[in-house]
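Can you keep this structure in mind? I'll have questions shortly.
The values are calculated or read from the model by the stated rules, or taken from the named source; none is laboratory data. Fair warning: this is a prediction, and the values are worked out from it, not measured in the lab. So basically every Cβ, Gly included, is an ideal-geometry build from the backbone, and we count neighbours across all protein chains shown. We work out accessible area using only protein heavy atoms, side chains counted, and drop any ligands, DNA or RNA first. Shrake-Rupley method; radii C 1.70, N 1.55, O 1.52, S 1.80 Å.
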Amino acid sequence: MTGLLLGAAAVLTLAGCGSGGTTESVPPTATGSLEHLAAEVKCAPNMQTDADEIRQAICRTGEGKFILATFATDRGQREWINDAKDYGGHYLVGRKWVAVGDDGVVKALRGTLGGDLEDGADHHAHSG
């Protein structure tokens, strides 16, 4: 009986190790206007584009500089991301919004805004 309990304890310990510390807690994906999203991450947006289809601003936080864009439609957002990914970069994608910046910046923003991480094309492999 003691061996069975030790075996069960070992399985539980191993299961706990695999599911514990490495998974970050990601909040629900934020929604709202460009200004609302910028306020969530404590950035004063420097507007670059203010059109019906897309609103885009440069933001800076303690983590670094990034582009924050909001879109009128899901399709417009996906087309923009697909085109932008050809240039590389790191993307944090929410519902009708995207933040683009260095890997560390978008990962830090994810801790506040939620969303999904996507990477653009890796052009380092093409050099030579």
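Just checking, how many residues over region 28-46 are touching a residue at least 24 places away in the same chain (Cβ under 8 Å), aliphatic (A, V, I, L, M) and assigned to a helix (DSSP H, G or I)?
Number satisfying all stated conditions: 3.
Name, by its number, the condition in (1) open to solvent by 50 Å² or more (accessible area, probe 1.4 Å); (2) within 14 Å of G115 (Cα to Cα); (3) not aliphatic (A, V, I, L, M) that does not hold for R60.
Just one mismatch for R60, condition (2).
Another question, if that's okay. Given (1) modelled with pLDDT under 90; (2) part of a helix (DSSP H, G or I), identify the lone condition not met by S25.
(2)
Still on this structure: Take the conditions part of a strand (DSSP E or B) and open to solvent by 60 Å² or more (accessible area, probe 1.4 Å) and apply them to L117. Does it pass?
Considered against the rule, which asks whether it is part of a strand (DSSP E or B) and open to solvent by 60 Å² or more (accessible area, probe 1.4 Å), L117 comes out as yes.
So, in region 84-101, how many residues would count as being open to solvent by 70 Å² or more (accessible area, probe 1.4 Å) and at pLDDT 95 or above?
Result for region 84-101: 1.
Continuing with the same structure: Mind checking which residues of region 30-56 are farther than 18 Å from V106 by Cα, touching a helix residue (DSSP H, G or I) at 6+ places or on another chain (Cβ under 9 Å) and of a type in the set (V, I, T)?
Selection gives I54 alone.
Now for a separate question. Output the residues belonging to region 52-96 that are aromatic (F, W, Y) and not in a strand (DSSP E or B).
Selection gives W80, Y87.
Still on this model: Name, by its number, the condition in (1) assigned to a strand (DSSP E or B); (2) open to solvent by 20 Å² or more (accessible area, probe 1.4 Å) that does not hold for G111.
(1)
Just to be sure, is A8 modelled with pLDDT under 90, in a helix (DSSP H, G or I) and not aromatic (F, W, Y)?
yes
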